[in-house]
Amino acid sequence: GGLWAVVPAAGRGMRFGGDTPKQYLEVAGEPLLAHTLRALLAHPALEAAMVVLADGDAHWPDWHDFHGKPVLTCIGGAQRADSVLAGLAALPDGVRADDFVLVHDAARPNLRKQDLDALLERGRADPVGAILAAPVRDTLKRAGDDGGIDATAPRERLWRALTPQLFRRLQLTRALEAARDAGIAPTDESMAMERQGHRALLVEGADDNLKVTTPADLAWFEYLLAQRRE
Ligand code: C5P
């Protein structure tokens, strides 16, 4: 069957500053979220999207479909993982327990088709699933409380976790519930899966699958979009 995307968009974007949550900032005449949904739903493997909104979200344009595919919404929670759990729970019954589900940040508008292709091909062949990731290019330091350097983390085997992340509906739900019950707030889905011993694949994706966190990220995306349209 077709694949569903769960798109957590319930963040308030506090790090960005300003009154508009970052997923609704306008780029090329459309909210960031529109760019993100297009990148997902333009892919033939995607059937529909479940967008997870903040309670009382006044910015959601009330879309019911996008790119000719259904878009459903539900209300998220305080932490990203709570929002993803809400999205998984709100999926229709037609999405079975062992069906793969794609989780993708609303704030990642620059997903490339070839990355999605690679993630789907390799992830669906894996018993657990897969995530897009990019190799770390800087040397990483662990700081002490005084701001001095305590250690260097060798970057050779370090990756930046990106989204989308592809896991089976029930297994991911159980893993996120287990993290929540342990008082842990995972910052991505695979962190919850690892805790349960579910070992997913890293699939190398493009460095420019950026998450809009600062105004500079938004400018970067505007630049990439303009280049693509040239
Ligand atoms: O805050 P961060 O940039 O890590 O958020 C990643 C994604 O998770 C964003 O798309 C944001 O809207 C979403 N999120 C959410 N619910 C929260 C916090 C973040 O859906 N409580």
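Take the conditions among the β-branched types (Val, Ile, Thr) and either within 18 Å of the chain's Cα centre (by Cα) or closer than 19 Å to residue 104 by Cβ (or both) and apply them to residue 152. Does it pass?
Numbers: among the β-branched types (Val, Ile, Thr): yes; either within 18 Å of the chain's Cα centre (by Cα) or closer than 19 Å to residue 104 by Cβ (or both): no.
No; evaluated as a whole, the condition is false for this residue.
Starting from segment 203-216, keep only residues that are touching a residue at least 40 places away in the same chain (Cβ under 8 Å), then list their pairs with residues that are within 14 Å of the ligand (Cβ to nearest atom) and acidic (Asp, Glu) whose Cβ atoms are within a distance under 8 Å, requiring at least 6 positions of separation or different chains.
Every condition considered, the pairs that remain are 210/217; 211/105; 211/217.
If you go through segment 74-95 one residue at a time, how many are within 12 Å of the ligand (Cβ to nearest atom) and either buried (at least 16 other Cβ atoms within 10 Å of the Cβ) or closer than 30 Å to residue 219 by Cβ (or both)? Let's see the steps before the verdict.
Let us first name the residues in segment 74-95 that are within 12 Å of the ligand (Cβ to nearest atom), namely 74-87.
Now narrow it down to the ones that are either buried (at least 16 other Cβ atoms within 10 Å of the Cβ) or closer than 30 Å to residue 219 by Cβ (or both): 74, 76-87.
The qualifying residues number 13.
Yes or no, residue by residue, for (1) farther than 28 Å from residue 179 by Cα; (2) assigned to a helix (DSSP H, G or I); (3) among the aromatic types (Phe, Trp, Tyr); (4) modelled with pLDDT under 95:
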position	(1), (2), (3), (4)
36	no, yes, no, no
43	yes, no, no, no
49	no, no, no, no
62	yes, no, no, yes
74	no, no, no, no
77	no, no, no, no
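Please name all residue pairs, on different chains or six or more residues apart, with Cβ atoms under 6 Å, provided the first residue is in segment 7-28 and is on the phi > 0 side of the Ramachandran plot and the second residue is at pLDDT below 95 and within 12 Å of the ligand (Cβ to nearest atom).
13/21; 13/22
Restricting to segment 3-34, what's the tally of residues that are within 9 Å of the ligand (Cβ to nearest atom) and in a strand (DSSP E or B)?
3
For the subset of segment 43-60 comprising residues that are away from the ligand (no atom under 16 Å from the Cβ) and among the hydrophobic types (A, V, I, L, M, F, W, C), which member is farthest from residue 113 (Cα to Cα)? Working first, answer last.
In the first step, residues of segment 43-60 are kept if they are away from the ligand (no atom under 16 Å from the Cβ); the result is 43-48.
Checking the rest, the ones that are also among the hydrophobic types (A, V, I, L, M, F, W, C) come to 45-46, 48.
On the way: 45: 11, 46: 12, 48: 16 Å.
Looking at residues that are away from the ligand (no atom under 16 Å from the Cβ) and among the hydrophobic types (A, V, I, L, M, F, W, C), I get 48.
Residue by residue, here is whether (1) of a type outside the set (A, V, I, L, M, F, W, C); (2) more than 26 Å from residue 24 (Cα to Cα) holds:
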site: 88; (1), (2): no, no
site: 96; (1), (2): yes, yes
site: 109; (1), (2): yes, no
site: 113; (1), (2): yes, no
site: 116; (1), (2): no, no
site: 133; (1), (2): no, no
site: 152; (1), (2): yes, yes
site: 155; (1), (2): yes, yes
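The values are calculated or read from the model by the stated rules, or taken from the named source; none is laboratory data. If you're wondering where the values come from, they're calculated on a predicted model, not measured in any experiment. Because the Cβ atoms are built from the backbone with ideal geometry, glycine has one as well, and the counts that use them run over all protein chains shown.
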